[in-house]
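Engineer: Take this structure first; my questions come after.
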Amino acid sequence: MRTNNPNPLAVVRNLGILAHVDAGKTTVTERILFATGTTHKRGEVHDGTTVTDFDPQERDRGITIFAAAVSCAWDGHRLNLIDTPGHVDFADEVERSLRVLDGAVAVFDAVAGVEPQSESVWRQADRHGVPRIAFVNKLDRAGADLDTAVESIRQRLHPAPLVVQLPIGSEDGFTGVVDLLRMRALTWVDDTTAGDEGPVPDGLREEALRRRRLLEEAVAERHPAALEEFCDRETLSAGTLTAALRDLTLSGDGVVVLCGSAYRNRGIEPLLDAVVAYLPSPLDVPAVRGENGEVRPCDPAAPFAGLAFKVNATPTGRLTYVRVYSGTIEKGATVWDAGARRTERVGRILRVQADRHAQLERAVAGDIVAVVGLKSARAGSTLCAPDAPLVLEPPGVAEPVVSVA
Ligand code: GDP
């Protein structure tokens with residue numbers, strides 16, 4: 001799946017993990033950092049060692065209160081994970097994180113299916129036009145059932161679920177998945193090592209073929225080019241399926257569904273492959289506009305414009321998380337803070353990698369970094385080149401998020 005696209009921005013994925021509290025967002029994030037080699041020690045939510053939860057208050061409460069952006073690498077791509085709070089009390093923060101990410105993984109609990117907060121966050125993501133894939137988590141739990149969870153996605157959220165895997169085993173015996181595109185099985189022998197790839201087990205072959213057929217039909221029904229191939233050849237190649245699934249994800253006409261058990265570290269590698277294959281790069285999403293209507297392209301050579309979306313007090317200093325939309329922000333440069341209406345000096349620029357920071361000389365359009373040294377910037381402030389000031393257009397007025405839990 002490695003791409004040789006000459007534009008380095010094509011390998012960036014700014015994504016969030018959206019979920020109902022307890023669906024497993026923190027665990028999924030943690031396992032992604034583990035699988036991508038960002039952390040070498042597995043943190044557990046219950047012992048307070050997860051690496052995305054910086055704040056002691058978060059560890060105490062066991063819920064993710066403050067969003068943080070963490071960078072990791074997978075298959076030649078840079079993934080910037082923007083943590084989005086799942087708790088309804090933090091709807092503003094969810095809203096701000098949705099504004100800066102390009103795509104998302106929605107995590108569902110395989111026993112509970114779609115829960116009220118997953119529904120509110122899903123609607124918020126709809127309003128922001130965020131392309132999504134779904135991960136049905138906790139397949140190891142008693143009572144977990146992928147098909148029931150998928151049906152609740154169809155009925156409560158209304159996208160066409162495009163299920164690309166068949167689980168191998170269930171509940172405690174959930175040991176792997178069949179990749180319906182490649183018709184290969186991935187199985188896990190324990191909870192710490194990567195999966196082993198092999199042929200589809202004989203007993204599952206017929207069911208896998210039936211589900212592959214259902215997937216092909218669902219894709220052909222929604223994608224004109226796929227339909228043409230399907231009519232000609234009565235089947236779709238894995239290449240056509242991948243391209244069509246990406247188009248359907250970007251247009252919101254369908255949602256790719258994967259499954260696994262984050263806790264048992266199962267299903268994380270295919271999830272990362274799906275993030276790379278289906279979610280957009282910063283080049284695939286519409287360019288931002290200023291309030292004056294001026295369009296700022298995702299181009300490192302354009303005047304700098306970015307959005308501060310999170311400010312955290314940390315031992316490293318005041319960290320302002322910035323999504324760079326256009327241009328380049330350089331260490332030591334002066335920027336205009338359109339919110340506070342004053343100039344500010346950029347101190348250090350950091351790429352946050354779980355519990356470590358990499359220092360950068362500059363960050364370019366499409367990237368998400370933490371800036372040290374900004375005194376006035378607040379979450380929601382536009383930062384821009386002093387000689388090309390603008391205020392980024394605010395997102396559409398969001399409906400209040402009402403908890404029906
Ligand atoms: P969050 O609130 O969405 O961030 O959810 P957490 O990641 O904190 O997980 C909530 C609880 O579910 C924790 O006790 C996790 O250990 C547990 N959990 C997460 N993923 C799984 C899973 O795949 N299987 C099982 N059985 N439990 C899980």
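Engineer: Select, from D299, D284, the only residue that is among the acidic types (D, E), closer than 30 Å to D253 by Cβ and surrounded by 17 or more Cβ atoms within 10 Å (Cβ to Cβ).
Structural biologist: After ruling out the rest, the residue left standing is D299.
Engineer: Now for a separate question. Of all residues in the range 302-319 being assigned to a strand (DSSP E or B) and free of Cβ contacts under 8 Å to residues at least 60 places away in the same chain, which is surrounded by the most Cβ atoms within 10 Å (Cβ to Cβ)?
Structural biologist: My answer is L319.
Engineer: Here are A112, A91, A73: which of them is modelled with pLDDT of 85 or more, out of contact with any strand residue (DSSP E or B) (no Cβ under 9 Å at 6 or more places or on another chain), farther than 23 Å from D247 by Cα and not polar (S, T, N, Q)?
Structural biologist: A112
Engineer: With V177, V163 as the choices, which residue is within 16 Å of the ligand (Cβ to nearest atom), touching a Lys or Arg at 6+ places or on another chain (Cβ under 9 Å), β-branched (V, I, T) and within 25 Å of T242 (Cβ to Cβ)?
Structural biologist: V177
Engineer: Related question: Take V111 and decide whether it is of a type outside the set (F, W, Y) and crowded, with 21+ Cβ neighbours inside 10 Å.
Structural biologist: No: the conditions fail for V111.
Engineer: Could you list, in sequence order, all residues of the range 144-179 that are more than 24 Å from H223 (Cβ to Cβ), among the polar types (S, T, N, Q) and not in a helix (DSSP H, G or I)?
Structural biologist: Across the range 144-179, the qualifying residues are S170, T175.
Engineer: Hey, another quick one. Mind checking which pairs have a first residue in the range 260-272 that is aliphatic (A, V, I, L, M) and a second that is near the ligand (Cβ under 9 Å from one of its atoms) and assigned to a loop (DSSP other than H, G, I, E, B), Cβ under 6 Å, 6 or more apart or different chains?
Structural biologist: Listed by first residue and then by second, the contacts come to A262/G24.
Engineer: In addition: Just give me the residues in the range 281-301 being among the hydroxyl-bearing types (S, T, Y) and either farther than 17 Å from V70 by Cα or in a strand (DSSP E or B) (or both), in sequence order.
Structural biologist: Result: no residue meets the conditions.
Residues are listed down the side, and each one gets a yes or a no for (1) within 16 Å of V105 (Cα to Cα); (2) touching a strand residue (DSSP E or B) at 6+ places or on another chain (Cβ under 8 Å); (3) aromatic (F, W, Y); (4) within 16 Å of the ligand (Cβ to nearest atom):
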{"site": "V256", "(1), (2), (3), (4)": "yes, yes, no, no"}
{"site": "G267", "(1), (2), (3), (4)": "yes, yes, no, yes"}
{"site": "V275", "(1), (2), (3), (4)": "yes, yes, no, no"}
{"site": "S281", "(1), (2), (3), (4)": "yes, yes, no, no"}
{"site": "P286", "(1), (2), (3), (4)": "no, no, no, no"}
{"site": "E291", "(1), (2), (3), (4)": "no, yes, no, no"}
{"site": "E294", "(1), (2), (3), (4)": "no, no, no, no"}
{"site": "D299", "(1), (2), (3), (4)": "no, yes, no, no"}
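Engineer: Can you find, within the range 182-196, the residue that is nearest to A262 (Cα to Cα) among those that are surrounded by fewer than 19 Cβ atoms within 10 Å (Cβ to Cβ) and at pLDDT 95 or above?
Structural biologist: Of all residues in the range 182-196, those surrounded by fewer than 19 Cβ atoms within 10 Å (Cβ to Cβ) come to 182-184, 187, 189-194, 196.
Those still in the list that are at pLDDT 95 or above too: 182-184, 187.
On the way: R182: 22, M183: 23, R184: 21, T187: 14 Å.
Filtering first and then ranking leaves T187.
Engineer: Please verify whether the range 16-28 includes one or more residues that are at pLDDT 55 or above, more than 9 Å from the ligand (Cβ to nearest atom) and not hydrophobic (A, V, I, L, M, F, W, C).
Structural biologist: The answer is yes, given that some residue of the range 16-28 is at pLDDT 55 or above, more than 9 Å from the ligand (Cβ to nearest atom) and not hydrophobic (A, V, I, L, M, F, W, C).
Engineer: Here is a follow-up. Of the residues D102, D126, D92, which is within 14 Å of the chain's Cα centre (by Cα), away from the ligand (no atom under 16 Å from the Cβ) and among the acidic types (D, E)?
Structural biologist: Matching residue, one of D102, D126, D92: D102.
The values are calculated or read from the model by the stated rules, or taken from the named source; none is laboratory data. Fair warning: this is a prediction, and the values are worked out from it, not measured in the lab. Virtual Cβ from ideal backbone geometry, glycine too; neighbours counted across all protein chains shown.
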